[in-house]
Amino acid sequence: MRLARPLENLIDHLAKLPSIGPKTAQRLALYILRLPAEEARQLARAIVEVQQKIKPCSQCGFLTEFDPCVICQDHDRDNQILCIVEESSNVIAIEKSGFRGRYFVLNKPSSLLEGSGLEELDGQALETYLSGGEFKEVIMALNPDIDGEIMARYLAAIIQAKGIKITRLAHGLPVGGDIEFTDEITLRRAIEGRREL
Ligand SMILES: [Zn+2]
């Protein structure tokens with residue numbers, strides 16, 4: 001016994017989304033089914049619109065409706081420091097920390113998730129961006145996982161060739177964290193990255 005085809009169809013599409021399992025997909029599909037018709041239309045329109053209107057900035061890669069993006073058009077930033085991140089959502093997070101330099105967003109290729117696809121990473125775009133700037137330091141703010149390591153090594157060669165200093169985010173204990181419950185890798189990195197009081 002199968003569910004009605006349009007319902008199965010919606011469940012299949014939702015189940016393809018990250019961190020959505022079959023059960024959650026079914027629950028969401030049934031929720032959408034019960035939405036008022038106008039709300040369901042708005043949801044469908046929002047999905048289409050985001051694909052049509054949002055593109056990576058041609059200069060820095062930040063997802064934007066207008067090109068160049070608001071960050072590239074902001075003249076009140078430190079032009080000597082560049083922060084490289086994997087996704088636009090990381091820019092929002094780092095902005096909250098008070099950083100006011102420039103950014104370069106990699107828009108990490110999904111193929112990298114399977115451990116390859118490095119050739120899809122646009123090294124040329126970074127090289128062009130660096131050549132057009134006056135950067136003295138590049139901060140690698142990539143995720144501390146295997147993909148982040150692979151990308152950092154690949155990009156470091158491009159940056160070093162320009163004679164620009166490369167730094168990376170410190171690894172350490174989260175504020176409010178408990179040493180007892182910290183995993184050993186984080187703790188080892190926190191010890192390695194210790195600073196004088
Ligand atoms: Zn931009």
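The values are calculated or read from the model by the stated rules, or taken from the named source; none is laboratory data. Being a predicted model, the structure only gives us computed values, none of them experimental. Cβ sites come from the backbone with ideal geometry, for glycine too, and all protein chains shown count toward neighbours.
Things worth noting here:
- Residue count for region 153-192, restricted to those that are at pLDDT 90 or above and of a type in the set (A, V, I, L, M, F, W, C): 8
- Flag if K165 is out of contact with any helix residue (DSSP H, G or I) (no Cβ under 6 Å at 6 or more places or on another chain), basic (K, R) and in contact (Cβ under 8 Å) with a residue 40 or more places away in the chain: no
- You will find that of E180, E149, E184, E137, the residue that is in contact with a strand residue (DSSP E or B) (Cβ under 9 Å, 6 or more places away or on another chain) and on the phi < 0 side of the Ramachandran plot is E137 and no other.
- Filter result (within 16 Å of E134 (Cβ to Cβ) and touching a residue at least 40 places away in the same chain (Cβ under 8 Å)) within region 99-109: R102, Y103, F104
- Test: residue in region 75-98 that is within 9 Å of the ligand (Cβ to nearest atom) and either of a type in the set (K, R) or free of Cβ contacts under 8 Å to residues at least 60 places away in the same chain (or both): no
- Pick from region 130-152, criterion in a helix (DSSP H, G or I) and of a type outside the set (S, T, Y), ranking: modelled with the highest pLDDT: L130
- Scope region 161-182; condition exposed (fewer than 15 other Cβ atoms within 10 Å of the Cβ) and more than 23 Å from the chain's Cα centre (by Cα); matching residues: A161, K162, G163, G176, G177, D178, I179, E180, F181
- Entry remark, region 48-79: residues being surrounded by 11 or more Cβ atoms within 10 Å (Cβ to Cβ), of a type in the set (A, V, I, L, M) and more than 19 Å from S131 (Cβ to Cβ) number 4 in total.
- Residues of region 16-69 that turn out to be assigned to a loop (DSSP other than H, G, I, E, B), away from the ligand (no atom under 16 Å from the Cβ) and under 24 Å from the mean Cα position of the chain (by Cα), as a count: 6
- Unmet requirement for M151, which otherwise passes all of (1) without any contact (Cβ under 8 Å) to a residue 60 or more places away in the chain; (2) out of contact with any Ser or Thr (no Cβ under 7 Å at 6 or more places or on another chain): (1)
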